[in-house]
Amino acid sequence: MSQSRRYFVRSADGGSISAYDNMDAAELVAGQLGDGAEVIDTDAPAYHPVVQEVIGGGLQYLEIGGWNAAKLDPAGNLIEAAKKGHTGLIHAYLAKGSDANSADRNGATALHWAVVKASPEAVRLLIEAGVDASKTDAGGLTPLDLARQKGRGEIAEYLADGMGLDAPTGD
């Protein structure tokens, strides 16, 4: 489902995400959802906070800066979101229509970046969104290879199980 709206509200459990045209409406909905809900600005300018989270009943900006999202295509924004390592950002760009299999100029997908950022939740979200876990980057590494290389045991096990491979060995 592709959305052209700017603001997305993600529930605390990540089970729902909805799109809004203006920040006031998004903030109202997030407040009603309660602690842990997030408001994500998918067109935030560079150096401006991108994510607000409901904490103790009020919205607080998280220390995640924007990257001039309006200047990038959907693929570039998904990759940048994954580089930030924040699952809510990735979820928002997927909801906005970004292709889960988008890759950067080095062939690294959002899944590669989720592995680098050690984010099991983001890895699961991308797998559920249909990312191809067998894609290799310019160095010939799959996300599973990268997880093993970086010692991300939980992620490597999840990826190996999903690909029908033996559990990773602890090199």
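The values are calculated or read from the model by the stated rules, or taken from the named source; none is laboratory data. Source: prediction; values computed, not measured. Positions of Cβ are backbone-derived with ideal geometry, glycine not excepted, and every protein chain shown enters the neighbour counts.
Things to note:
- Helices (runs of 4 or more DSSP H) contained entirely in the range 64-171, each with at least 3 residues that are in contact with a strand residue (DSSP E or B) (Cβ under 9 Å, 6 or more places away or on another chain): 74-84, 87-95
- Failed item in (1) farther than 22 Å from Gly66 by Cβ; (2) out of contact with any Gly (no Cβ under 8 Å at 6 or more places or on another chain), with Leu78 passing the rest: (1)
- Number of the exception - Ala19 against (1) in contact (Cβ under 8 Å) with a residue 60 or more places away in the chain; (2) over 14 Å from the mean Cα position of the chain (by Cα); (3) outside any strand (DSSP E or B): (3)
- The condition of being among the charged types (D, E, K, R), in a loop (DSSP other than H, G, I, E, B), touching a Leu at 6+ places or on another chain (Cβ under 8 Å) and touching a residue at least 24 places away in the same chain (Cβ under 8 Å) does not hold for Asp43.
- Cβ-Cβ distances below 7 Å connect the following pairs, each with a first residue in the range 103-127 that is closer than 18 Å to Gly14 by Cα, a second residue that is of a type in the set (Asp, Glu) and in a helix (DSSP H, G or I), and a separation of six or more residues or different chains: Pro120/Glu154.
- Complete set of residues in the range 51-65 that are modelled with pLDDT under 95 and surrounded by 11 or more Cβ atoms within 10 Å (Cβ to Cβ): Ile64, Gly65
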